[in-house]
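What follows is a short report on a single structure.
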Amino acid sequence: MKPIHTLFLFSFTGAALAQTATPVKPTTALNEVVITAKKSPSITVPSVTEKKEQLAKTIPGGAGVVDAEEYKRGRASTLKDALDFAPGVFVQSRFGAEESRLSIRGSGIQRTFHGRGLWLMQDGVPLNLADGGFDMQAIEPLATNYIEVYRGANALQYGGTTLGGAINFISNTGHTASPFQARFEVGSFNTRRGQISSGFVSGNTDVYASITSSQTDGFRDYSEQESLRIFANIGTKISVNLENRFYLTWVDSKSQLPGSLTKAQFEANPEQANAASLANRQRRDYQLLRLANKLTYSDGDNTLAFSLFWSWKDLDHPIFQVIDQLSNDIGFDLRYDGRNHLLGLDNDLTVGVNFMYGNAEDDRYNNVGGQRGALVAQNRLQSMNLNFYFQDQLHLTDTLSFILGSSVTFANRDLNEETLFGLNNDDRQEFWGFSPKLGLLWEVTPKSQVYFNASRSFEPPSFGELTAIGAGVPALVALRPQTATTLEIGTRGEAGRVAWDFSYYYAWIDDEMLTLGVPGNATLTTNAGRTIHQGVELALNADLLRNLTTSGDSDYDRVVLRQNFLWNDFRFAKDARWGDRMLPGIPPFYYRAEMLYEHPCGFYCGPNVEWSPRKFAADLSRTTFADPYALLGLKFGFRTKKGTSFFVEARNLTDKNYSPTTGVVQNATLPAQSAVFLPGDGRAFYAGVEFKW
């Protein structure tokens, strides 16, 4: 991959040659050189450099790109490994597992499992189920080339309407992957992980395939996990302007669930499992087959993309009951991006429509030691979403743009009882949403921008909030969609040795979906009154020793400091019961930093820290708190584009007993709600080796 300044140089040189050669018809060879310098070989998949430049010039708000090469220098097993330094993203594993609390701007704040409030995609195609929920197990960080993160309404260009925004995992292709790659990781808690992948190009076709297998006993008792993931895609250039890419995903994931602990249990022995989880042999075993296809036409100024997907999911989930769920989801997205003129000014337009439909057979059994007992519910759950969206960027001057957009969404959720257990509880709920957005983007310098945006978000409930089968609640819970008005201001860019990404946001939320409960059912999701989410998202990176007079990226020593800071202020707004108290579950401050020495040969080493300096409540009543913590880590290794790379990593060197996130309940002093703590991993060591040919 060429450095940014090299691409600029090639582009400038090509333009200069074109000017001097105006009287002469350009040769085909010259045209090919210019195109190669500017564009990715794939029409469907932009390069990392292209995507970073595009986001900087088109998004009037928080957005960024995570290059997979950054996190592959250490353990790369979980979403936390991949997204820990993504600005604005709060991600904490539940118990060292793939499943995590994944949140942006307090999205899905009550969820520490089976995510909600974000729009997850694989290569621009939804990973969410039609009801809005998503599974972290569907992602393989090692098969990813880079990750796009769109915070809040900045996800509108993909049709995202939720408070949190969207995360798009871009796969490797035959153009970006090595012909043969093998990677092996081992570490504490009997952790083993291996990947074999290959990418190649043959004529107009490129192929990428990855197989990953992992197993760990886990830090806690009864927290064993194992998984097998297969990712593949085949791209074919039908013509110079037309490309088709087909995607295949297979996931087989098995996880023991050790559950949450009370504060006393957590302090006495964070490795223990919850007694009820152990007695019920609670697990989450999950299989996923996903097929997707994306057809893209582009002539440079106009791009039309049509994608289709089908996913089949089989969930075997013994918890308070045994949930046996088989679901099929289908969907499509049709999107146009065009560069044109409006009122004599340059104008960029995005228009799209996406549709999703899901059908799930949901059977519930009494849990008898992890086995199926008597059948207690047999339902069919159907969900549908239809979303029209557009975004227009009008270039008022060479450096100032005005952005206007909106989406209109219709969604429904149906519950049909296949077998009656008492009264007929068939039910249907429908939701309409309108989500406008406007923004300003000012390019202060060629490498820095200042932005502002105002937006509305819309999120209908998933079945995780709507269904309360076995909890004494008939049919679907009566919930309104969660909406919010958000203001955002910020800046991003680089100058000399420093690069930054800063956003401040303030969101007025109506009907936030929280576990406020009702008499007799303290864990029931209901709509809160008005709540406020505000915060700061800051990434500040510095190249401390770089010789700015030296050209090239490989002929000098570097000391690189990466920092990620979050301030989270999520609270009720003059609620009749809760006043203005803060919402539980997420710490108010979070800081992550890493300082690495990098030698031109590829060697690197340095410490890292994770710091949560303030205690935070685990319940709405603010009776029980998670304590502050600081974790120290160390990493060193050697990485090269071809040949052998390796890493050694130490985590939580001081063996700190800490809980990075908690469940969300009303009152943790009540016996039925007291187990809310999710311990983080103790001291751990990992090592890995990677071969590329």
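The values are calculated or read from the model by the stated rules, or taken from the named source; none is laboratory data. Since the structure is predicted, the reported quantities are computational estimates derived from the model, not experimental observations. Positions of Cβ are backbone-derived with ideal geometry, glycine not excepted, and every protein chain shown enters the neighbour counts. Accessible surface is based on the protein model in full, side chains and every heavy atom, while ligands, DNA and RNA are left aside. Shrake-Rupley method; radii C 1.70, N 1.55, O 1.52, S 1.80 Å.
Observations, loosely collected:
- Residues that are touching a Leu at 6+ places or on another chain (Cβ under 6 Å) and either closer than 28 Å to R281 by Cβ or touching a residue at least 60 places away in the same chain (Cβ under 8 Å) (or both) within the range 390-412 comprise Q391, S401, G405, listed in sequence order.
- Among the residues here, Y686 does not qualify as farther than 14 Å from P584 by Cβ, without any contact (Cβ under 8 Å) to a residue 60 or more places away in the chain and open to solvent by less than 20 Å² (accessible area, probe 1.4 Å).
- Members of the range 67-82 found to be closer than 30 Å to D348 by Cα and either open to solvent by less than 10 Å² (accessible area, probe 1.4 Å) or in a loop (DSSP other than H, G, I, E, B) (or both), listed by number: A68
- Checked against the criterion of being within 24 Å of N154 (Cβ to Cβ) and not basic (K, R), the range 311-324 has no qualifying residue.
- Selection status of F636, open to solvent by less than 20 Å² (accessible area, probe 1.4 Å) and either touching a His at 6+ places or on another chain (Cβ under 6 Å) or farther than 19 Å from R94 by Cβ (or both): no
- Where E417 falls short, out of the listed (1) touching a Ser or Thr at 6+ places or on another chain (Cβ under 8 Å); (2) open to solvent by less than 50 Å² (accessible area, probe 1.4 Å): (1)
- Counting the residues of the range 103-129 that are more than 12 Å from the chain's Cα centre (by Cα) and either in contact (Cβ under 8 Å) with a residue 60 or more places away in the chain or open to solvent by 10 Å² or more (accessible area, probe 1.4 Å) (or both) gives 12.
- Selected residue (criterion: farthest from F625 (Cα to Cα)) from residues of the range 644-673 that are assigned to a loop (DSSP other than H, G, I, E, B) and open to solvent by 30 Å² or more (accessible area, probe 1.4 Å): L653
- Number of positions in the range 286-324 that are open to solvent by less than 30 Å² (accessible area, probe 1.4 Å), part of a strand (DSSP E or B) and either free of Cβ contacts under 8 Å to residues at least 40 places away in the same chain or more than 18 Å from S253 (Cβ to Cβ) (or both): 9
- Of G352, G344, G331, all but one fail to be at pLDDT below 95, among the small types (G, A, S) and either surrounded by fewer than 16 Cβ atoms within 10 Å (Cβ to Cβ) or farther than 30 Å from L257 by Cα (or both); the exception is G344.
- F410 being modelled with pLDDT of 95 or more, hydrophobic (A, V, I, L, M, F, W, C) and open to solvent by 20 Å² or more (accessible area, probe 1.4 Å): yes
- Positions within the range 270-306 being under 15 Å from H317 (Cα atoms) and within 24 Å of the chain's Cα centre (by Cα), in sequence order: R283, R284, D285, Y286, Q287, L288
- Leading residue by the ranking (farthest from G663 (Cα to Cα)) among those in the range 273-285 that are open to solvent by less than 50 Å² (accessible area, probe 1.4 Å) and not aliphatic (A, V, I, L, M): D285
- The set of residues in the range 228-275 being in a helix (DSSP H, G or I) and not basic (K, R) consists of A264, Q265, F266, E267, A268, A275.
- The range 145-167, residues that are outside any strand (DSSP E or B) and closer than 20 Å to G464 by Cβ: G160, T161, T162, L163, G164
- The residues of the range 16-55 that are open to solvent by less than 60 Å² (accessible area, probe 1.4 Å), at pLDDT 90 or above and in a helix (DSSP H, G or I), listed by number, are V48, T49, E50, K51, E53, L55.
- When the range 175-196 is limited to residues that are within 24 Å of the chain's Cα centre (by Cα) and of a type in the set (G, A, S), the one that is farthest from T144 (Cα to Cα) turns out to be G194.
- All positions within the range 237-269 that are closer than 30 Å to D206 by Cα and under 27 Å from the mean Cα position of the chain (by Cα): E243, N244, R245, F246, Y247, L248, T249, W250, V251, D252, S253
- Leading residue by the ranking (most open to solvent (accessible area, probe 1.4 Å)) among those in the range 355-395 that are aromatic (F, W, Y) and within 30 Å of the chain's Cα centre (by Cα): F388
- Filtering the range 615-671 to residues that are without any contact (Cβ under 8 Å) to a residue 12 or more places away in the chain and touching a strand residue (DSSP E or B) at 6+ places or on another chain (Cβ under 7 Å) leaves only F625.
- Residue check for F95: at pLDDT below 90, surrounded by fewer than 23 Cβ atoms within 10 Å (Cβ to Cβ) and not charged (D, E, K, R): no
- When the range 199-228 is limited to residues that are open to solvent by less than 50 Å² (accessible area, probe 1.4 Å) and hydrophobic (A, V, I, L, M, F, W, C), the one that is nearest to G682 (Cα to Cα) turns out to be F219.
- Options F169, F180, F231: the member that is surrounded by fewer than 22 Cβ atoms within 10 Å (Cβ to Cβ) and either modelled with pLDDT of 95 or more or within 30 Å of N657 (Cβ to Cβ) (or both): F180
Every residue, every condition in (1) over 24 Å from the mean Cα position of the chain (by Cα); (2) modelled with pLDDT under 95; (3) under 30 Å from M582 (Cβ atoms), yes or no:
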{"site": "L631", "(1), (2), (3)": "no, no, yes"}
{"site": "F638", "(1), (2), (3)": "yes, no, no"}
{"site": "L653", "(1), (2), (3)": "yes, no, no"}
{"site": "T662", "(1), (2), (3)": "no, yes, yes"}
{"site": "Q666", "(1), (2), (3)": "yes, yes, yes"}
{"site": "Q673", "(1), (2), (3)": "yes, yes, yes"}
{"site": "R683", "(1), (2), (3)": "yes, no, no"}
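- Test: residue in the range 150-171 that is more than 17 Å from W119 (Cβ to Cβ) and touching a Gly at 6+ places or on another chain (Cβ under 8 Å): no
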